[in-house]
Amino acid sequence: MKNNSPGKDPSRKSRNGSVRHPEWKPFLDSYRELSALTFPTDAEIEKGIDLLWTEALRTLPHDLAGGYTIIVPKEAVSYFTRAGLSFHEKRAISISELPPEEAAKLRRDQGIF
């Protein structure tokens, strides 16, 4: 049984005591809620990126958004918290949630994404 509720650790111990890591969906678009984790320093975001290479998060879909920010599924935030990393979490929004004029400005400034 998977536990992918926000704030919970989806990793589980198997019957033999080994840790089973979550089966992450392959794309960020597959998740209902995304979090933007913004780290205060180069050192902290580097630790966050290093965490993405651990066994539990190796297949986690994510995006580096610039400004020391990593976009991850909400279900993954607990891994960064338990690792003791310093970051600020905000709900990531999709372009479809922006007012049309703001979306158009972003497309002009940054291109289609």
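Observations, loosely collected:
- Residue, surrounded by the most Cβ atoms within 10 Å (Cβ to Cβ), within segment 75-99, restricted to residues that are among the charged types (D, E, K, R) and within 9 Å of A36 (Cα to Cα): E89
- Of all the listed residues (S35, S96), the sole one being of a type in the set (S, T, N, Q) and within 14 Å of the chain's Cα centre (by Cα) is S35.
- Within segment 100-113, the only residue that satisfies the criterion of being surrounded by 11 or more Cβ atoms within 10 Å (Cβ to Cβ) and closer than 27 Å to I49 by Cβ is L106.
- Scanning segment 62-74 for residues that are surrounded by fewer than 18 Cβ atoms within 10 Å (Cβ to Cβ) and in contact with a Leu (Cβ under 8 Å, 6 or more places away or on another chain) yields D63, I71.
- Enumeration of residues in segment 48-105 that are under 20 Å from E23 (Cα atoms), part of a strand (DSSP E or B) and among the aliphatic types (A, V, I, L, M): I70, I71, V72
- Residue that is modelled with the highest pLDDT [pool: residues in segment 21-33 that are in a helix (DSSP H, G or I) and of a type outside the set (A, V, I, L, M)]: S30
- Annotation: of all residues in segment 34-54 being loosely packed, with under 13 Cβ neighbours inside 10 Å and either at pLDDT below 95 or among the polar types (S, T, N, Q) (or both), the one that is farthest from S96 (Cα to Cα) is T54.
The values are calculated or read from the model by the stated rules, or taken from the named source; none is laboratory data. Here the structure is a predicted model, which means the values were calculated and not measured. When we count neighbours, we look across all protein chains shown, and the Cβ atoms used for this are built from the backbone with ideal geometry, even at glycine.
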